[in-house]
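Quick one: this structure, given as structure tokens, is what I'll be asking you about.
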Amino acid sequence: MVDIAKLARTLDSAAHKARATRQLSENTKYTLDDAYDIQAASIQRRLDRGEKRNGMKMGFTSRAKMVQMGLNDMIWGRLTDQMMVEDGDTISIANYVHPRVEPEIAFLLKRPLGYPCTAAEALSAVDGVAAAMEIIDSRYKNFKFSLEDVVADNASSSSFVVGPWCRPDSNLDNLGMIMEFNGRPVQIGSSAAILGHPVRSLVAAARLTSEAGERLEAGWIVMAGGATAAEALRPGINVRNTVEGLGSVAFNVVE
């Protein structure tokens, strides 16, 4: 019998204190369904401390990444208001274990979105789209983990930054994306790398949350998934993601 509450407490403590912990799978055999239960219980501990649920993030939205991990579906994690970093703000590296950043596109919902839904129906629920970045941070020692470990650890989600909201009918097809460290490009990609089109990620988000007995709620932010590989963060850099037609979003990193 998997002790969901105990494992959730372990991961919540590791994230809260920014201290690495051993892989859960080293000592406990558990399933992917168990992993999502651990994730939900861990996030519930945050909500019990006063945080508010404000969205979800998609993971493994790159087909190449799915194949690399031996998967046939994406993974997802939960977002809260305390995970959000304001555009242009500064984060401290001390609040993370192994922080990395990846360029993304975010959706803001104006009404709930359930499943099944078509791409057109999903877009009709969108109030705005924006250039965004997700700061991912595995809480495991030596950055080693199984798929189940990643999912239990909230799909490695830690923080996210969203730029100015643009019109919901903005073109999202094959937009160029450049992520820079101190003005130097470190990743160049396209919105097409997100399942071929970011709206497919939004539909998948509706499906995955529905399968978990939830739905995407009005006012929530949905992070569509990384358009490129993630880059490790270090103190002393300004990080900026510029998306063709959507503008840019940035944050700074200190000790």
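Out of (1) assigned to a loop (DSSP other than H, G, I, E, B); (2) crowded, with 17+ Cβ neighbours inside 10 Å, the odd one out for residue 229 is which?
Here residue 229 clears every test but (2).
Another question, then. What are the residues in region 241-255 that are at positive phi and either in a strand (DSSP E or B) or among the acidic types (Asp, Glu) (or both), if any?
If the condition is that a residue be at positive phi and either in a strand (DSSP E or B) or among the acidic types (Asp, Glu) (or both), then 247 is the only one that fits.
Now for a different question. Please enumerate the residues belonging to region 189-226 that are among the small types (Gly, Ala, Ser), in contact (Cβ under 8 Å) with a residue 40 or more places away in the chain and not in a loop (DSSP other than H, G, I, E, B).
Residues satisfying the conditions are 189, 191, 193, 201, 204, 205, 206, 210.
Here are some conditions: (1) out of contact with any strand residue (DSSP E or B) (no Cβ under 7 Å at 6 or more places or on another chain); (2) part of a strand (DSSP E or B); (3) of a type in the set (S, T, N, Q). Residue 142 meets all but one. Which one does it not meet?
Of (1) out of contact with any strand residue (DSSP E or B) (no Cβ under 7 Å at 6 or more places or on another chain); (2) part of a strand (DSSP E or B); (3) of a type in the set (S, T, N, Q), only one is false for residue 142: (2).
A follow-up question, please. Is it the case that residue 42 is among the small types (Gly, Ala, Ser) and at pLDDT below 95?
So residue 42 does not fit the description; no.
Can you work out which of the residues in region 144-154 that are among the hydrophobic types (A, V, I, L, M, F, W, C) and buried (at least 18 other Cβ atoms within 10 Å of the Cβ) is nearest to residue 208 (Cα to Cα)? Quick ask: steps written out before the conclusion?
Restricting attention to region 144-154, the residues satisfying the condition of being among the hydrophobic types (A, V, I, L, M, F, W, C) are 145, 147, 150-152.
Add one more test, that the residue is buried (at least 18 other Cβ atoms within 10 Å of the Cβ), and what stays is 145, 150-152.
Values: 145: 22, 150: 16, 151: 13, 152: 15 Å.
My answer is 151.
Which residues, taken from region 125-143, are surrounded by 21 or more Cβ atoms within 10 Å (Cβ to Cβ) and either free of Cβ contacts under 8 Å to residues at least 40 places away in the same chain or among the charged types (D, E, K, R) (or both)?
Of everything in region 125-143, those that are surrounded by 21 or more Cβ atoms within 10 Å (Cβ to Cβ) and either free of Cβ contacts under 8 Å to residues at least 40 places away in the same chain or among the charged types (D, E, K, R) (or both) turn out to be 134, 137, 139.
I've got another one for you. Please determine whether any residue of region 177-184 is surrounded by 17 or more Cβ atoms within 10 Å (Cβ to Cβ), closer than 30 Å to residue 33 by Cβ and touching a helix residue (DSSP H, G or I) at 6+ places or on another chain (Cβ under 8 Å).
So far as region 177-184 goes, no, none of its residues is surrounded by 17 or more Cβ atoms within 10 Å (Cβ to Cβ), closer than 30 Å to residue 33 by Cβ and touching a helix residue (DSSP H, G or I) at 6+ places or on another chain (Cβ under 8 Å).
Quick one: is residue 22 free of Cβ contacts under 8 Å to residues at least 24 places away in the same chain, surrounded by fewer than 17 Cβ atoms within 10 Å (Cβ to Cβ) and more than 22 Å from residue 205 (Cβ to Cβ)? Spell out the reasoning first.
Details: free of Cβ contacts under 8 Å to residues at least 24 places away in the same chain: no; surrounded by fewer than 17 Cβ atoms within 10 Å (Cβ to Cβ): yes; more than 22 Å from residue 205 (Cβ to Cβ): yes.
Judged against the criteria, residue 22 is not a match.
Might you check whether a residue that is among the polar types (S, T, N, Q) and under 23 Å from residue 39 (Cβ atoms) occurs anywhere in region 107-127? Outline the logic, then answer.
Taking region 107-127 first, the residues among the polar types (S, T, N, Q) are 118, 124.
Still in the list and also under 23 Å from residue 39 (Cβ atoms): none.
Within region 107-127, not a single residue is among the polar types (S, T, N, Q) and under 23 Å from residue 39 (Cβ atoms).
Moving to a separate point now. Filter region 1-27 down to the residues that are among the polar types (S, T, N, Q) and in a loop (DSSP other than H, G, I, E, B), then identify the one that is nearest to residue 98 (Cα to Cα).
Among residues in region 1-27 that are among the polar types (S, T, N, Q) and in a loop (DSSP other than H, G, I, E, B), the one nearest to residue 98 (Cα to Cα) is 23.
If I filter region 102-124 down to residues being out of contact with any Asp or Glu (no Cβ under 6 Å at 6 or more places or on another chain) and buried (at least 21 other Cβ atoms within 10 Å of the Cβ), which single residue comes out as farthest from residue 21 (Cα to Cα)?
Top of the filtered list is 122.
The values are calculated or read from the model by the stated rules, or taken from the named source; none is laboratory data. Only a predicted model underlies this, so the values are computations on that prediction, with no experimental measurement involved. Reconstructed Cβ throughout: ideal geometry from the backbone, glycine too, with neighbour counts over all protein chains shown.
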